[in-house]
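S.K.: To start, I am sharing the structure in question, which I have written as structure tokens.
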Amino acid sequence: MACQSKALTLLLSILLVSFCKPSNGAGIAIYWGQYGEEGSLADTCNTGNYQFVNVAFLYKFGNGVPTPVLDLAGHCSPSAGTCTVFSDQIKSCQSQGIKVLLSIGGATPTYSLSSADEAAQLANYIWNNFLGGQSSSRPLGDAILDGVDFDIEVGSGQFWDDLARALKGFNQQLHLAAAPQCPFPDAHLDTAIKTGLFDYVWVQFYNNPQCQYSGDAVNLLNAWNQWITVPNSQVFLGLPAASDAAPGFIPANDLITKVLPSIKSSSKYGGVMLWNKRFDNGYSDAIKGSV
């Protein structure tokens with residue numbers, strides 16, 4: 001009887017923990033790297049507010065570019081080799097359970113993929129220079145990032161699916177994320193997302209009046225209900241971290257009372273993505289307890 005009693009107590013404890021803990025492990029993703037005044041990567045992770053950090057951006061590749069180019073704005077110079085300072089900071093973030101991803105693309109028309117072969121070449125470069133491969137010229141040093149974020153906002157929608165398959169071909173455990181615009185389906189990433197290879201889809205519910213917050217959440221929630229149909233992915237609500245970060249900002253109280261209760265009921269809900277660390281001056285603090 002004593003053994004049965006202990007077993008019952010243990011079972012009840014496990015059930016209690018499971019009820020109290022969000023079943024989907026929801027969290028906050030943040031973009032870092034485009035503003036020198038946003039603090040270091042270590043500072044970002046040490047806030048304790050984020051579960052994902054996208055290091056942005058690998059912004060120049062394809063279209064005859066011999067070697068892809070990383071741009072971390074005011075933080076360091078990849079060409080001078082000074083970005084390797086972030087290797088230990090990446091490892092420190094990872095030791096706290098934070099996934100650190102390389103974000104490729106961005107809003108500048110400096111990248112493209114023209115063929116499946118070019119996608120394979122880019123995958124090889126990313127694998128050897130940022131992930132588990134080997135290269136003598138790793139821009140961020142010997143730290144091994146957890147995956148790749150596709151923030152593809154220009155050009156065609158071709159060959160991004162080939163890039164996703166090639167990257168997953170190196171390691172099935174590699175984390176892939178996509179950052180589509182909120183109009184559904186996305187003009188650039190639809191084919192890639194349909195592969196079902198993306199772990200996270202953090203949809204940009206900003207810069208798009210037809211599906212962003214504008215005092216009420218009707219259009220946003222309608223778009224959200226379309227996005228949660230994508231395969232095999234946790235879907236995140238992508239938002240500006242402040243009103244001057246991008247159009248579509250949602251005040252923290254409105255997010256907590258008017259939006260999150262409606263979207264958290266979905267089994268596909270993964271959390272909130274914020275653009276970006278430079279503008280997150282208290283917003284993640286205000287919402288993290290409700291995400």
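The values are calculated or read from the model by the stated rules, or taken from the named source; none is laboratory data. All values derive from a computational prediction rather than experimental measurement. Neighbour counts are summed over all protein chains in view; Cβ atoms, including those assigned to glycine, are modelled from backbone coordinates with ideal geometry. Note: accessible area is taken over every heavy atom of the protein model, side chains too, but ligands, DNA and RNA are not part of it. Shrake-Rupley method; radii C 1.70, N 1.55, O 1.52, S 1.80 Å.
S.K.: In terms of solvent-accessible area of protein heavy atoms at a 1.4 angstrom probe, what is the ranking of 161, 149, 244, 216, highest value first?
M.R.: I get 244, 216, 161, 149, largest accessible area first.
S.K.: Within the range 141-161, whose backbone N sits under 19 Å from a point 7 Å along Cα→Cβ of residue 108?
M.R.: Those under the cut-off are 149-156.
S.K.: I would also like to ask the following. Could you sort 265, 233, 135 by their accessible area in this structure, using a 1.4 Å probe and putting the largest first?
M.R.: 265, 135, 233
S.K.: So what does residue 279 come to for accessible area, using a 1.4 Å probe and Å² rounded to 10?
M.R.: 30
S.K.: With r as the distance between the Cβ atoms of residue 156 and residue 35 and R0 = 41 Å, compute the FRET efficiency 1/(1 + (r/R0)^6) and round to 0.05.
M.R.: Once rounded, the FRET efficiency stands at 0.90.
S.K.: A follow-up question, please. What does the charge count around residue 174 come to, taking other residues whose C-beta lies under 10 Å from its C-beta (Lys +1, Arg +1, Asp -1, Glu -1)?
M.R.: Net local charge, residue 174 excluded: -1.
S.K.: Now a separate question. Averaged per residue, what accessible surface does the range 27-288 expose to a 1.4 Å probe, in Å²?
M.R.: On a per-residue basis, the range 27-288 sits at 38 Å².
S.K.: Same structure again: Apply 1/(1 + (r/R0)^6) to the Cβ-Cβ distance of residue 216 and residue 144, taking R0 = 41 Å, and write down the FRET efficiency to the nearest 0.05.
M.R.: Result of the calculation: an efficiency of 0.40.
S.K.: Could you compute how much accessible surface residue 256 exposes when probed at 1.4 Å, giving the result in Å² to the nearest 10?
M.R.: About 50 Å², rounded to the nearest 10.
S.K.: Evaluated at 37 °C with a viscosity of 0.692 mPa s, what Stokes-Einstein diffusion coefficient in µm²/s does the chain have when Rh comes from the Kirkwood expression over alpha-carbon pairs?
M.R.: Roughly 166 µm²/s, to the nearest whole number.
S.K.: Next question, about the same structure. Using the Cβ atoms and a cut-off under 10 Å, what net charge is assigned to the surroundings of residue 271, where Lys and Arg are +1 and Asp and Glu are -1?
M.R.: +2
S.K.: Expressed in nm to one decimal, what extension gain is obtained for the pair residue 125 and residue 43 from 0.36 nm per residue of sequence separation less their Cα-Cα distance?
M.R.: 26.7 nm
S.K.: Between beta-carbons, use under 12 Å as the cut-off and find the net charge around residue 196, counting Lys and Arg +1, Asp and Glu -1.
M.R.: Spelling it out: positives minus negatives among the neighbours equals +1.
S.K.: Let me ask something else. Defining a contact as two alpha carbons under 8 Å apart and six or more residues distant in sequence, what relative contact order in percent does the chain show?
M.R.: 17
S.K.: Where Rh is the Kirkwood radius over the Cα pairs of the range 21-78, the temperature 25 °C and the viscosity 0.890 mPa s, what D in µm²/s does Stokes-Einstein return?
M.R.: Answer, rounded: 185 µm²/s.
S.K.: Please give the contour-minus-distance gain from residue 244 to residue 228: 0.36 nm per residue of separation, less the Cα-Cα distance, rounded to one decimal in nm.
M.R.: 3.0 nm
S.K.: In nm, what is the difference between 0.36 nm times the number of residues separating residue 136 and residue 82 and their Cα-Cα distance?
M.R.: Between residue 136 and residue 82, full extension yields an extra 18.0 nm.
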